Amino acid sequence: MPDQDAEQTLDTDFFRRWLTAVAASVEREADRLTELDSAIGDADHGSNLRRGFRAVTGVLERDEAATPAAVLTLAGRQLISTVGGASGPLYGTLLRRTGKALGDGDEVSRALLAEALGAGVAAVAQLGGAKAGDKTMLDALEPAVTALGTSFAAAAEAAEQGALATVPLQARKGRASYLGARSVGHQDPGATSSALIIAALADTAGGSAGGTKEGTVDA
């Protein structure tokens, strides 16, 4: 696929709309996420993320975060303070560390976002002590970061395929790991919600003119 959006820049409004799109996606899919979590977790993943991203939407409406980094950092802090269990710290760390890696610019490129998101994913791996193949959110996020170097659409596809690929895996980290072999045959809820976040990124990029410079991003 041609690297047609490599020179596009993403502004603060783009990141606000991305997180708003994530919140809408989580609202739609919360019951499915909780159903997945009921099989191998605590049956609260969807409800926790719904509460967290509702709070993110609220704080973004109240706060005039002026840069892409500020938007992500603010959202990350809100998730950590609002969401219980592992989801808040993990997704909060992902957004905060990604924001920190973006720097203070008013606009960022897709290439810089890919690099920064990679730093965020590495922080999640360190916090959770997990790696790809452990049946966690990393199974969606790591391939998404790699594919983001090609395009937004490639990242969304890679994340979706990564989530689906958790079905035959045995969980080695988190609550699901307590089930041992019984965790096989179930799609990981964290990988699934991570895929939703990357899909929202691709959707925002693909339908965006106002939040990018030099026209609409070719996702």
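Structure above, values below:
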| quantity | calculated |
| --- | --- |
| Rg to Rh, two decimals, where segment 14-59 supplies the alpha carbon set and Rh follows Kirkwood | 1.05 |
| Long-range lysine pairs (8 or more apart or interchain), the chain, Cα under 25 Å | 4 |
| Per residue solvent-accessible surface (Å²) - segment 1-138, probe of 1.4 Å | 43 |
| Folded to 0 to 90 degrees: helix 12-40 orientation relative to the chain principal axis, Cα | 10 |
| Built amide H within the under 5 Å cut-off of residue 43, gap 5+ | 38 |
| Check: the chain dipole with +1 on Lys, Arg Cβ and -1 on Asp, Glu Cβ, in debye | 920 |
| Long-range HN-HN contacts of residue 109 with modeled amide H, under 5 Å | 10 |
| Within the chain, helix-based [θ] at 222 nm, where runs of 4 or more DSSP H residues each add -39,500 (n - 2.57), nearest 500 | -21500 deg cm²/dmol |
| Semi-axis lengths, Å, segment 1-153, gyration tensor of Cα atoms, sqrt of 5 times eigenvalues | 24, 19, 14 |
| Descending semi-axes in Å of segment 79-189, equivalent ellipsoid built from Cα gyration tensor | 26, 17, 10 |
| Farthest positive-ward along segment 59-132 dipole, Cα basis, beta-carbon charges - from 99, 118, 67 | 118 |
| Protein accessible area in the chain, 1.4 Å probe - carbon and sulfur % | 50 |
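The values are calculated or read from the model by the stated rules, or taken from the named source; none is laboratory data. Here the structure is a predicted model, which means the values were calculated and not measured. Positions of Cβ are backbone-derived with ideal geometry, glycine not excepted, and every protein chain shown enters the neighbour counts. Side chains are part of the model used for accessible areas, which takes the heavy atoms of the whole protein and leaves out ligands, DNA and RNA. Shrake-Rupley method; radii C 1.70, N 1.55, O 1.52, S 1.80 Å.
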